Amino acid sequence: MVLPHALFADPQAVRLGATALALGALLTAEALWPRRRPQRGWRWLRNIALLACAGLLLAALPVASIGVAAWARTQGLGLFALLPLPAMLQIGLSVVALDLAMYWQHRAMHGPAWLWRLHRVHHSDIEFDATTALRFHPAELLVAMLWKWAAIVLLGAPPLGVFAFEAVTGVAALLVHANLRLPLRVDRALRVLFVTPDLHRVHHSVEFDEGNRNFGTIFSGWDHLFGSHCAQPRGGHEQMPIGLPRFRDADAQHLRALLLQPLRRH
């Protein structure tokens, strides 16, 4: 498959630019049509700073996901090496299959204690807006990256399919965390296939049985298929407490505390 040179000259820069544009658009939309009373201020900067720390870590990796895909293709690895499917179909199936892989990675982060301690940095945000999508511990993003690379190799995903997945999931992650009020009819129509902000917000409920649901990022069907779907929070979206029972005080929300939080067993 021939790759567009301009597009792949620096795919990380392309993805970063698209993410920045999407974030700016969503923050503007949140200001105009908020679902909940917005709480911004310093938490925005802390969430962005946490992403910057993760970016420094991931930048040290010798290869990107597209490079892993290209290597796997040259080695004849993965499912697609055995199936002579059209290129466009491989790209579409790659987006679907990698979204499924990341659904299970997300569920795994809610499992063993050492993984949950990494992931709870994301859930310890006591508000919910597009910057929450940036709030991940660097070590968790490293785990997610390795998981994704394994899925890419097992699938034999084409580089263009990996690029498409990363572009779509980057924007989708921001959108599903947005403090955005969608018209009820629009939300109902979209969530038949896709995760919406209202659907994912339930995942950030302080209540354990609600927060342990709705793991999908792009497609909503995985939660239906694997029994982890929750349509609405019991207390309604406006009044639903966001975050965790712990780590709610100001000291626990500082950047240094967030970076060290996985070292705390409780």
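Where a number appears in this text, it was derived from the coordinates with a stated rule and is not lab data. As the structure is a prediction and not an experimental result, all values here were calculated from the model. Quick reminder, even Gly has a Cβ in these numbers, built from the backbone with ideal geometry, and neighbours come from all protein chains shown.
Against the chain, whose longest principal axis comes from its Cα atoms, helix 87-109 is set at around 40 degrees. Compared with the alpha-carbon gap, the fully stretched path from LEU58 to ALA81 is longer by 5.4 nm at 0.36 nm per residue. Placing unit charges on the Cβ atoms of the charged side chains and taking the dipole of the chain about its Cα centre, the candidate lying farthest along the positive direction among HIS266, ALA108, HIS122 is HIS266. Longest exposed-loop-site-free stretch of the chain, with GluC sites (Glu not before Pro), DSSP loop and at most 16 other Cβ within 10 Å? Longest site-free region, per DSSP loop and neighbour criteria: 1-206. Under 5 Å between amide hydrogens, built in the peptide plane, is the criterion, and for PHE194 it picks out SER220 among residues at least 5 positions away or on other chains. What the Cβ-Cβ distance of ALA49 and HIS266 gives, at R0 = 30 Å and to the nearest 0.05, is a FRET efficiency of 0.75.
According to the square roots a ≥ b ≥ c of the eigenvalues of the Cα gyration tensor, what is the shape class of segment 86-266, taking rounded for a/c under 1.5, prolate for a/b larger than b/c otherwise, and oblate for the remainder? Note, shape of segment 86-266 comes out oblate. Tell me the angle of helix 159-176 to the major Cα principal axis of the chain, expressed in degrees between 0 and 90 and rounded to the nearest ten. Between the helix axis and the principal axis of the chain, the angle is about 10 degrees.
Counting Lys and Arg as +1 and Asp and Glu as -1, each charge on the Cβ, what is the dipole of the chain about the Cα centre in debye, to the nearest 20?
Working: 25 positive and 17 negative charges, 85 e Å.
With Lys and Arg at +1 and Asp and Glu at -1, about 400 debye.
Cα centroid separation, segment 46-60 to segment 83-111: 25 Å.
If a paramagnetic tag sat 7 Å from the Cα of VAL192 along the Cα-Cβ line, which residues of segment 205-241 would have the backbone N under 15 Å from that point? Correct set: 220-221.
Which value in deg cm²/dmol, rounded to the nearest 500, describes the helix-derived mean residue ellipticity at 222 nm for the chain, given -39,500 (n - 2.57) per DSSP H run of n ≥ 4 and division by the residue count?
Details: 13 runs with 151 residues, N = 266.
Rounded to the nearest 500, the figure is -17500 deg cm²/dmol.
Residue by residue, segment 112-117 carries 3J(HN,Hα) couplings of x, 4, 5, 6, 4, 5 Hz when phi is fed to the Karplus relation 6.51 cos²θ - 1.76 cosθ + 1.60 (θ = phi - 60°); x denotes Gly or Pro.
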